[in-house]
Every structure is written in C-alpha cells, then in structure tokens.
Amino acid sequence: MQHLDLQVIEGALRWANLGHRLWLCTVLATFGSSPRAPGAMLVARQDGEHLGSLSGGCVEEDFLERLRQEEFDEPVQQVRYGGQGSEPNASRVRLPCGGRLELLVERLEPSVATLTHLEVMHATLLGRRALTRYVPLDGRGATFVLAEASGPAIVWKEGVIGVRIGPALRLIIAGISPVSEACASFASTLGFEVIVCDPREEARRGFAVPGVELQAVMPSTFIASGGCHAATAVVALTHDPRIDDLAMIEAVRTQAFYIGVMGSKRNSQARAERLRRSGGLTEAEIARIKMPIGLGLGSKTPAEIALAVMADIVRVHRGRAQDVL
C-alpha cells in the first residue's frame, strides 16, 4: 500500500489525463478534535469519486454533496467546518467537542498546466527534497519554491497560502525475521513506502508481504547508496550483528528521522560498545539510535514487538514526547 498522499496525487494524475475536472482539498488548520493534520489532502471528481481523507467521514460526506450541487465553482476557496455556521463559507456540519477544520479547495481543470503541476507534486513525494506550494487566493495559479529541511505544513501570507510537500514516509527494514514481516505489514497498512533489504536468499524465499519492495542487498549498502531521506525510518530487526550493526553505522550518517535496532537492554549496551569501538561512532551518533527499539508495551510476540516499533515511529514522526498520550 502506498503512502496516502501518493495515492491522492497519482489518482489525480490519472483522472486529469482522462479529462476530468478535479477538486484538490488540503487541510489548512485544525482546532479541537479534528482527526487529520494540516497538509492532509483529498482529491475528488464532481461525480463523487475521491481519494484521500479530511476527517473521520462526516466532512467528506458533506463536501462531496456540496460538490455535486456545484457549490465550489471558484478556482480557489477557503472552507470552514465547525465554528459558527454564520461565517462565510462555513458548513452546517459540526465537529465533535467543538472542533474546527479549515480547508483550501482548488478547482483544477484537465489542462497541460494542471498535469505539469501534479507531476511536480508526484516527483516531490517520490524524491528527497521538500517544496512549498504557494497558492494565491485570487486563483492566479500555484507555484513551487524549495522548502527548508524542516518547517510548518502550512504557511500563511497575505493573499497566498503555502502548503509544504515532502517525500512520502519511508520505512527501511534491515534484514528479514518474523518481527520484520509483521512490521512491514503494519507499516504498509499505515501508508509507509516499505523497503526490506536482506542479502540472504533463504530468508527472502519465505518473505511475502503485499506491496513491500524486497531488495537482495545488504541493508547498509542500500542505505549508503542514498536510500534515506528526511522522512525515512530505519529499523534493524534480525538479532544478527552482521546485518544490524552495519545498518546502524550507515543510518546515523543520514537524515533519517528514526533509527532503531531490536535487542534487550543488555544486548543494546553491548551493541553500543561495539558501535563505539569497531564502528567508530560518536556518542552523539549512538544517541540517535533507539535501542532497545519501540515503546515499552511489554511485547513478547513478533506482532506485539512490531506494534511497539511502529507506534514509536509514528510517535516520533508526530513530534510527541514518549510520556504524552
């Protein structure tokens, strides 16, 4: 399964190539109990076909009904769900717990300009560098500017809204094990691009997780060749130091936002010493590695360990402290 943003943009490209007019919706801001984060996207056709999501379902249902009624006829509109229904462009839909959701709605004609714009977005999601897409509210057409390494999802300027687009979330799994298979399955369901690296033919022979890319190389080789970008997590889950340690040595030299390796506290202490002594890693580099990996859920089975790993990756990606629910 692809990252949700990739599904949205690839669907938009497919429909635009078929001559469909599209509406691209982006979450601008959320207040209270709004499920999706700023930057989340949905693309829709006037017949109700759509990809992506904006909330838990009620917003999508209302938006698609209003779209069928031809309410969104401007090139660019801001729409609010929740809050006071008397406000301009406010919807009658109320979100739970007083939540509020603000959307940017762009009408895209099936033109060469639209196809080019969507191709840039697609390449950015598959690439290594982030862009900010500046959308003038007067409908003059969006432009792209290279974004900083990190920054807010939405930038507000007078008459213009900037939407940050970055590489799709990627998970590199170093080595195949029962935990690796469960982790790959969870990550794929969560919308990560999942790449599993293992040079052992016997290990690869029994591996079968739909939608996961399998590379017959040492994980360290794949990582060193440029397999990581800033939206990448790297996990080593084999208990084999020949695979795990080398992967960690290469991973700390990248921009990966999460690096972790499986093992008990005692094994992790021994690994840290090996990485320090034989791998030449500094204390700062060792500190980047989550070992033991994952949240402390008391996990025992491969699936439970994989759950703890993916939960911790999502926590770090969301910028949440470990002791905050």
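Checking L125 against (1) modelled with pLDDT of 95 or more; (2) in a helix (DSSP H, G or I): exactly one of these is not met. Which one?
Status for L125: all satisfied but (1).
Being part of a loop (DSSP other than H, G, I, E, B) and not assigned by TED's automatic domain parsing to the domain that holds T238 is the requirement here; does G151 meet it?
Here the answer is yes, as G151 does meet what is asked.
With respect to the numbered conditions (1) closer than 19 Å to I9 by Cα; (2) at pLDDT below 95; (3) assigned to a helix (DSSP H, G or I), which one is the sole condition not fulfilled by T116?
(2)
Only residues that are within 22 Å of the chain's Cα centre (by Cα), outside any strand (DSSP E or B), crowded, with 24+ Cβ neighbours inside 10 Å and not β-branched (V, I, T): list them for segment 170-201, please.
Answer for segment 170-201, where residues must be within 22 Å of the chain's Cα centre (by Cα), outside any strand (DSSP E or B), crowded, with 24+ Cβ neighbours inside 10 Å and not β-branched (V, I, T): S180, C183, A184, A187, F192.
Identify the residue in segment 38-72 that is touching a His at 6+ places or on another chain (Cβ under 7 Å) and among the hydrophobic types (A, V, I, L, M, F, W, C) and, among all such residues, is surrounded by the fewest Cβ atoms within 10 Å (Cβ to Cβ).
Restricting to residues being touching a His at 6+ places or on another chain (Cβ under 7 Å) and among the hydrophobic types (A, V, I, L, M, F, W, C), the top hit is L64.
So E250 ticks every box in (1) part of a loop (DSSP other than H, G, I, E, B); (2) crowded, with 18+ Cβ neighbours inside 10 Å but one. Which box is left unticked?
Failed condition: (1).
For I259, work out the one condition from (1) modelled with pLDDT under 95; (2) out of contact with any Ser or Thr (no Cβ under 7 Å at 6 or more places or on another chain); (3) not small (G, A, S) it doesn't fulfil.
Only one criterion is unmet by I259, namely (1).
The values are calculated or read from the model by the stated rules, or taken from the named source; none is laboratory data. The structure presented is a predicted model; accordingly, all values stated were derived computationally and were not measured. Don't worry about glycine lacking a Cβ; one is built from the backbone with ideal geometry, like all the others, and counts go over all protein chains shown.
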